[in-house]
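The values are calculated or read from the model by the stated rules, or taken from the named source; none is laboratory data. In this text, all values refer to a predicted model and were calculated from it rather than measured experimentally. So basically every Cβ, Gly included, is an ideal-geometry build from the backbone, and we count neighbours across all protein chains shown. For accessibility, only protein heavy atoms count, side chains too; no ligands or nucleic acids. Shrake-Rupley method; radii C 1.70, N 1.55, O 1.52, S 1.80 Å.
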Amino acid sequence: MKRRRTALVSLTALLAAALTALPAGPAGAEETEQVRNGTFDDGTASWWTTSNVTAGADDGRLCADVPGGTTERWDATVGQNDIALVAGETYRISFSADAAPAGHVVRAVVGLSVAPYDAYYEASPQLSASGDTYAYTFTAPVGTAQGQVAFQVGGSAEPWRFCVDDVSLLGGVAPEPYEPDTGPRVRVNQVAYLPSGPKNATLVTDAAGALPWQLKDAAGTVVARGRSVPRGTDASSGQNVHSIDFGRYRGRGEGLTLTADGETSRPFDIGTGAYERLRTDAAKYYYTQRSGQEIRGDLRPGYARPAGHIGVAPNQGDTDVPCQPGVCDHRSDVSGGWYDAGDHGKYVVNGGISVWELLSTYERALHARTGTPAAYRDGTLAIPESGNKVPDLLDEVRWELDFLLKMQVPEGRPLAGMAHHKVHDEQWTGLPLLPSDDPQKRELHPPTTAATLNLAAAAAQAARLYRPHDRAFADRALRAARTAWAAALAHPDILAAESDGTGGGAYPDRTVEDEFYWAAAELYLTTGEREFRAYVLGSPVHTADIFGPVGFDWARTAAAARLDLATVPNRLPGRDAVRRSVVEGADRYLATLDAHPYGMPYAPEGNVYDWGSSHQVLNNAVVLATAHDLTGAPEYRDGAVQSMDYILGRNALNISYVTGYGEVNAHRQHSRWYAAQLDPALPAPPAGTLSGGPNSSIQDPLAQSKLRGCVGQFCYLDDIQSWSTNETTINWNAALVRMAAYVADQG
Ligand code: 9MR
């Protein structure tokens, strides 16, 4: 505490010193100009460039000749260092600039001039030939005397000329409190309700008593009416709310609205078409996440890009990747697979659970009463393998499975049979950055028990599902699963280091009992062998209460086993108790949902929303859906279906967390290549991309600058820089695929 105070005092002193040396800012006594010689009246004094840029004063501006043939934006830069920033202060950065020829993009950054070169604010306008003025406001997340204003102009194949003038960074403005624009107070599923399904909405209002509501069709005709039910203060948002149930209305239509308390909701459909589309879109997402393969524009218009990480410069991987120094002395071809998220890392633990949830979507369709195996038949996902007679979902998942198998330590090496935890860049990279442009060294990280068991579980499940289509692969997968299982038993407690988070995520997991249980269950379901049955029955996890408020995810994998043991045909002794445990878990989620004025099966302890809360909501809904598959009881179906309302707009922020779905939807997820927010030449995330959603811990600086003190549902920003509340990942989208497919089946 004390030390922190000292640091702040010295920063303030620094700032004061800088102030006295400068003329007063033009915009008022309270504002302070931080940039020296921003008008270039003193030529280029105080400004620097990278050595490949020739800059000079030109008619009172700075003009720079930028070379062609560089890769990264920061490969060619003009900047000024030693800028003092004060945490929590709001700044206005402005400049005028032009490009010859027009159309080039400048990445204007206010950030740190030293490693790790954090960007506190950035904007990437496309420049015209005649010149424009740009101005942006942001709040500094941290204080530093080593700030920087930089114009990054690299990454162009052709040389061009960049001119800039009137660069200003005005500080000292009191931070504006962040107020999200939440639109009409009637909150609905902005996509679609099922004609025969539940239809609920939430009204934010101060009114204490019930209020009348009206349901209108697209022409404005009232088709149903009723009264709201006051629900008091909702803990997840801090709002006073009512709920509205219009489930008795069963007509179909598009563009309906709900009116109450003088407000009209965003429009929605009543029908099934949107879920048919979503089940396909959410699964199509994986193709554009592929590593090691060119993404074809004919299959994904707007998303074409060269193959990433196939050993072609500037990439340094993934066809021949060394271990981190001191970890091992072999090199591996670990090309392929899916990029985990918005970064270029590939992680076995997260790959394993993603494979499981996608394969379980496929497997459910084979066994559940309402399953539709044809939904993902050959030709449904527009991928390069379409037309090979194998269901497209299996083809897509195979891309990841082949990668997971490559992560297994080969025979004859220390820890043979274990799986490396992950492969990723040596250092974190900036945004945007196409996979094929990543210049960082790639490294294999140590094998872990958790990764090994993920591989065992996913490969064992794959062995039974791919057998009808590719026997040789099924055999190979099962062999790999058995080898991994044996290696994990021999090395049961090699854990990932929590500190191993440079250049990629750590994905640390302190308990692997649940991974052992999951791998044993999948091996048992595939082989029926005694060894695995005995392990399942003897595991304390088998009878533990595993359906808690947060549910399951990459670190909490017991539910994957329990759900499969309950639904995939098998002869496990005591299977009725297994099924009962799932139904009891579902009862709890149903109680949570019924008590929740936003109708969701998620109420984390202390209202602390998790990283990736959207998918926790969906995974709890998967338990409800499975209880419906097991019992046929409509209350579980209704609960599972209703859970989608929150994801698709019935929430405190009035936003759909799925790109391209709902009038207002998340579409600026943190990604290095779906980065339209930073570079208009790049695409936004594809339709059907789930955002991580509210995260109470707001780990990223942007969220910290805007959301400090946020309540549950409000801890979210649809901004590409908010990596802790708004990323996209393969495991989160898998939960969306699973639930979209289920809901589509209920039509
Ligand atoms: O989703 C992960 C979350 O549960 C963890 O708490 C967090 C810290 O390890 O990491 C999240 O996963 C990120 C991963 O580490 C790197 N790729 C992006 C993932 C999503 O943010």
Exercise. Hey, among the residues in region 294-321 that are among the small types (Gly, Ala, Ser) and in contact with a Ser or Thr (Cβ under 6 Å, 6 or more places away or on another chain), which one's least open to solvent (accessible area, probe 1.4 Å)?
Worked result: 308
For this session: Of the conditions (1) more than 16 Å from the ligand (Cβ to nearest atom); (2) in contact (Cβ under 8 Å) with a residue 12 or more places away in the chain, residue 301 clears all except one; give me its number.
Result: (2)
For this session: Among the residues of region 180-203, write down those that are assigned to a loop (DSSP other than H, G, I, E, B) and either free of Cβ contacts under 8 Å to residues at least 12 places away in the same chain or under 14 Å from residue 244 (Cα atoms) (or both).
Result: 181, 185, 188, 189, 198, 199
For this session: Considering every residue within region 153-166, establish whether at least one is assigned to a loop (DSSP other than H, G, I, E, B), of a type in the set (Ser, Thr, Tyr) and touching a Gly at 6+ places or on another chain (Cβ under 8 Å).
Result: yes
Problem set entry | residue 557, sole failed condition from (1) buried (at least 22 other Cβ atoms within 10 Å of the Cβ); (2) more than 16 Å from the ligand (Cβ to nearest atom) | (2)
For this session: Please enumerate the residues belonging to region 518-534 that are among the aliphatic types (A, V, I, L, M) and within 27 Å of the chain's Cα centre (by Cα).
Result: 519
Seminar exercise, completed: Counting only residues in region 472-513 that are of a type in the set (D, E, K, R) and open to solvent by 70 Å² or more (accessible area, probe 1.4 Å), the one nearest to the ligand (Cβ to nearest atom) is identified as 498
Seminar exercise, completed: Of (1) in a loop (DSSP other than H, G, I, E, B); (2) touching a Phe, Trp or Tyr at 6+ places or on another chain (Cβ under 9 Å), residue 611 satisfies every one except (2)
Problem set entry | Yes/no for residue 386 being surrounded by 23 or more Cβ atoms within 10 Å (Cβ to Cβ) and in the same structural domain as residue 448 (by TED's automatic domain parsing) | no
Problem set entry | Residue match in region 50-60 (condition: under 13 Å from residue 156 (Cβ atoms), open to solvent by less than 30 Å² (accessible area, probe 1.4 Å) and among the small types (Gly, Ala, Ser)) | no
Exercise. In region 334-359, which residues are away from the ligand (no atom under 12 Å from the Cβ) and either assigned to a helix (DSSP H, G or I) or touching a helix residue (DSSP H, G or I) at 6+ places or on another chain (Cβ under 6 Å) (or both)?
Worked result: 334, 336, 337, 348, 352, 355, 356, 357, 358, 359
Exercise. In the list 110, 86, which residue meets the criterion of being open to solvent by less than 10 Å² (accessible area, probe 1.4 Å) and within 32 Å of the chain's Cα centre (by Cα)?
Worked result: 110
Seminar exercise, completed: Exception for residue 630 within (1) open to solvent by 10 Å² or more (accessible area, probe 1.4 Å); (2) of a type outside the set (D, E, K, R); (3) more than 21 Å from residue 365 (Cα to Cα) falls at (3)
Exercise. Which one of these does residue 291 not meet: (1) small (Gly, Ala, Ser); (2) surrounded by 21 or more Cβ atoms within 10 Å (Cβ to Cβ); (3) closer than 27 Å to residue 684 by Cα; (4) over 26 Å from the mean Cα position of the chain (by Cα)?
Worked result: (4)
Seminar exercise, completed: Taking region 322-359 and the residues there that are open to solvent by 10 Å² or more (accessible area, probe 1.4 Å) and of a type in the set (S, T, N, Q), the one that is farthest from residue 376 (Cα to Cα) would be 324
For this session: Report the residue count in region 535-562 for those that are touching a residue at least 60 places away in the same chain (Cβ under 8 Å) and under 23 Å from the mean Cα position of the chain (by Cα).
Result: 9
Exercise. For the subset of region 534-554 comprising residues that are within 18 Å of residue 351 (Cα to Cα) and of a type in the set (A, V, I, L, M, F, W, C), which member is surrounded by the most Cβ atoms within 10 Å (Cβ to Cβ)?
Worked result: 552
Exercise. Which pairs have Cβ atoms under 6 Å, sit 6 or more apart or on different chains, and link a residue in region 111-136 that is closer than 11 Å to residue 149 by Cα and touching a residue at least 24 places away in the same chain (Cβ under 8 Å) to one that is of a type in the set (Phe, Trp, Tyr) and in a strand (DSSP E or B)?
Worked result: 111/120; 121/138
Exercise. Under the condition of being assigned to a helix (DSSP H, G or I) and aromatic (Phe, Trp, Tyr), which residue from region 716-747 is farthest from the ligand (Cβ to nearest atom)?
Worked result: 742
Exercise. When only residues in region 697-745 that are of a type in the set (Phe, Trp, Tyr) and out of contact with any Ser or Thr (no Cβ under 6 Å at 6 or more places or on another chain) count, which is nearest to residue 178 (Cα to Cα)?
Worked result: 714
Exercise. Do we have residue 479 as assigned by TED's automatic domain parsing to the domain that holds residue 405, without any contact (Cβ under 8 Å) to a residue 60 or more places away in the chain and closer than 21 Å to residue 400 by Cα here?
Worked result: yes
For this session: Looking at (1) away from the ligand (no atom under 16 Å from the Cβ); (2) open to solvent by less than 10 Å² (accessible area, probe 1.4 Å), find the lone condition where residue 362 falls short.
Result: (2)
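Listed here are the residues, each with its yes/no results for (1) over 14 Å from residue 349 (Cα atoms); (2) part of a loop (DSSP other than H, G, I, E, B).
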{"residue": "450", "(1), (2)": "no, no"}
{"residue": "456", "(1), (2)": "no, no"}
{"residue": "460", "(1), (2)": "yes, no"}
{"residue": "480", "(1), (2)": "yes, no"}
{"residue": "496", "(1), (2)": "no, yes"}
Problem set entry | Selection count, region 561-601, where residues are under 15 Å from residue 627 (Cα atoms) and either within 16 Å of the ligand (Cβ to nearest atom) or assigned to a loop (DSSP other than H, G, I, E, B) (or both) | 2
Exercise. Looking at (1) part of a strand (DSSP E or B); (2) open to solvent by 60 Å² or more (accessible area, probe 1.4 Å); (3) closer than 30 Å to residue 178 by Cα, which is the one condition that is false for residue 94?
Worked result: (2)
Problem set entry | Scan of region 690-716 for residues that are free of Cβ contacts under 8 Å to residues at least 24 places away in the same chain and open to solvent by 10 Å² or more (accessible area, probe 1.4 Å), ordered by number | 708, 709, 710
For this session: Please go through region 210-247 and pick out each residue that is among the aliphatic types (A, V, I, L, M) and without any contact (Cβ under 8 Å) to a residue 12 or more places away in the chain.
Result: 219, 222
Exercise. Given the residues 288, 264, 280, 272, which is the only one that is polar (S, T, N, Q) and in contact with a Gly (Cβ under 7 Å, 6 or more places away or on another chain)?
Worked result: 272
Exercise. Residue 436 is checked against (1) at positive phi; (2) open to solvent by less than 50 Å² (accessible area, probe 1.4 Å) and fails just one. What number does that condition carry?
Worked result: (1)
